[in-house]
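Notes to accompany the following structure.
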Amino acid sequence: MKLNERSLAFYATCDAPVDNAGFLYKKGGRHATYHRRWFVLRGNMLFYFEDAASREPVGVIILEGCTVELVEAAEEFAFAVRFAGTRARTYVLAAESQAAMEGWVKALSRASFDYLRLVVRELEQQLAAVRGAGSPALPQPQPLSPTLALPSTPALAPPLPRWPSALPPKENGCAVWSTEATLRPGSEPPPPPPRRRASAPHGPLDLAPFARLHECYGQEIRALRGQWLSSRVQP
Amino acid sequence: MRYNEKELQALSRQPAEMAAELGMRGPKKGSVLKRRLVKLVVNFLFYFRTDEAEPVGALLLERCRVTREEPGTFSISFVEDPERKYHFECSSEEQCQEWMEALRRASYEFMRRSLIFYRNEIRKVTGKDPLEQFGISEEARFQLSGLQA
């Protein structure tokens with residue numbers, strides 16, 4: 001498969017702040033030795049360089065659909081980036097300290113585009129809720145554990161019906177959660193109902209260009225999330 | 001540059017944000033327009049021969065520029081080399097507009113800016129940081145300082 005490697009290299013070395021960087025030992029293959037490489041995490045791309053001064057990465061690990069786990073290994077502070085699939089590769093990496101290892105595991109488990117999108121969807125919904133309801137209290141969020149193993153995107157659900165523009169408060173998924181959470185303290189809120197259009201065009205989102213764009217981003221994304229949330233295994 | 005091609009191929013098989021058959025022309029001089037199935041999945045644009053299951057190629061959509069060309073046509077280029085353009089021909093103005101908007105929003109960096117925007121807006125209304133509930137309020141990737149100039 002062709003890939004725009006030149007642009008990828010520029011993305012790897014551009015001036016913007018990185019999401020994490022440092023030396024890690026990378027296992028070459030199943031029986032290979034570890035090589036010390038300079039790793040740079042940016043977005044959902046984990047680049048690795050010969051050393052910190054290199055202008056071009058040796059390689060990149062694309063971090064979609066992976067899980068990050070601690071592993072038993074001869075190396076101290078080892079962890080693995082594991083992909084699903086029968087002949088998928090598992091990358092075994094080792095940090096140089098406990099703190100570095102923990103930092104990397106946290107950063108890598110939250111690196112996927114899918115994860116970021118989930119958080120953005122959540123915030124978008126919360127913003128609409130606090131603006132619409134006019135109440136300062138935040139609705140109960142869907143818990144997102146830092147080591148959440150994100151599955152590959154599930155199949156699309158059929159298109160969802162539109163909400164009417166004026167929503168009575170109890171129809172709003174967030175309001176339903178809050179009620180249930182107070183009735184049964186300590187229990188996890190149920191997954192939200194499939195996502196619907198949050199508001200009419202001249203509603204609370206009209207002064208938010210991002211919000212309007214996300215609105216247009218499509219029902220598909222909301223359906224995806226609804227489907228994923230209802231199918232995922234509760235921890 | 002080495003990359004995990006198998007995982008990229010698996011990604012190309014995921015449900016797409018957008019998919020359509022478009023005319024595509026590569027950036028090299030003298031490139032010919034070809035029919036390709038073009039598929040947007042997270043921040044990658046995959047393109048397939050119309051009868052094949054494996055993509056011919058993929059474009060990572062970071063630091064890219066989406067530009068209107070002739071009517072019904074847009075191009076993707078990258079910040080470091082704006083003259084090197086991938087051209088896409090749509091079947092209508094609406095389709096062209098739809099794709100341009102989707103591609104401009106497709107990058108991880110755009111999504112990150114959205115998050116920071118929503119976070120600040122919620123903070124303004126409620127006085128609370130919505131990321132605290134997820135335990136990610138200190139994550140470097142979600143700080144304002146992480147935004148590109």
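Just a few scattered comments:
- Of all residues in region A:48-68 being under 16 Å from the mean Cα position of the chain (by Cα) and away from chain B (no Cβ under 12 Å), the one that is nearest to residue A:26 (Cα to Cα): A:68
- Exclusive hit being away from chain A (no Cβ under 11 Å), surrounded by fewer than 16 Cβ atoms within 10 Å (Cβ to Cβ) and charged (D, E, K, R), set B:5, B:69: B:69
- Count of region A:88-112 residues, restricted to those that are part of a strand (DSSP E or B) and within 12 Å of another protein chain (Cβ to nearest Cβ), is 2.
- Filter pass, residue B:91 being part of a loop (DSSP other than H, G, I, E, B) and at pLDDT 95 or above: yes
- The residue list B:103, B:59 contains one member that is buried (at least 18 other Cβ atoms within 10 Å of the Cβ), more than 10 Å from chain A (Cβ to nearest Cβ) and of a type outside the set (Val, Ile, Thr), which is B:103.
- You will find that of B:62, B:93, the residue that is touching a residue at least 24 places away in the same chain (Cβ under 8 Å) and either under 30 Å from residue A:17 (Cβ atoms) or of a type in the set (D, E, K, R) (or both) is B:62 and no other.
- When residue B:112 is tested against (1) more than 8 Å from chain A (Cβ to nearest Cβ); (2) in contact with a Gly (Cβ under 8 Å, 6 or more places away or on another chain), exactly one condition is not met: (1).
- With respect to being touching a Phe, Trp or Tyr at 6+ places or on another chain (Cβ under 7 Å) and surrounded by fewer than 15 Cβ atoms within 10 Å (Cβ to Cβ), residue A:102 falls outside the description.
- Unmet requirement for residue B:19, which otherwise passes all of (1) within 10 Å of chain A (Cβ to nearest Cβ); (2) free of Cβ contacts under 8 Å to residues at least 60 places away in the same chain; (3) within 15 Å of the chain's Cα centre (by Cα); (4) not in a helix (DSSP H, G or I): (1)
- Considering residues of region A:1-34 that are more than 12 Å from chain B (Cβ to nearest Cβ) and in contact with a strand residue (DSSP E or B) (Cβ under 7 Å, 6 or more places away or on another chain) only, the residue nearest to residue B:8 (Cα to Cα): A:27
- Listed by first and then second residue, the pairs linking a residue in region B:117-135 that is within 13 Å of residue A:122 (Cβ to Cβ) to a residue that is polar (S, T, N, Q) and in a helix (DSSP H, G or I), with Cβ atoms under 9 Å apart and 6 or more places separating them unless they lie on different chains, are B:118/A:126; B:122/A:126; B:130/A:126.
- Scope region B:72-88; condition within 11 Å of chain A (Cβ to nearest Cβ) and not in a strand (DSSP E or B); matching residues: B:79, B:80
- Only one of the numbered conditions (1) within 14 Å of chain A (Cβ to nearest Cβ); (2) modelled with pLDDT of 95 or more is violated by residue B:35, and that is (1).
- Residue B:121 being more than 7 Å from chain A (Cβ to nearest Cβ), over 17 Å from the mean Cα position of the chain (by Cα) and either farther than 24 Å from residue A:113 by Cβ or not small (Gly, Ala, Ser) (or both): no
- If you go through region A:35-47 and pick out every residue that is within 12 Å of chain B (Cβ to nearest Cβ) and charged (D, E, K, R), you end up with 2.
- Exactly one residue out of B:111, B:100 is touching a strand residue (DSSP E or B) at 6+ places or on another chain (Cβ under 6 Å) and in a helix (DSSP H, G or I): that is B:100.
The values are calculated or read from the model by the stated rules, or taken from the named source; none is laboratory data. These numbers were taken from a predicted model, which means no experiment stands behind them. Here the Cβ is made from the backbone with ideal geometry for all residues, glycine too, and neighbour counts use every protein chain on show.
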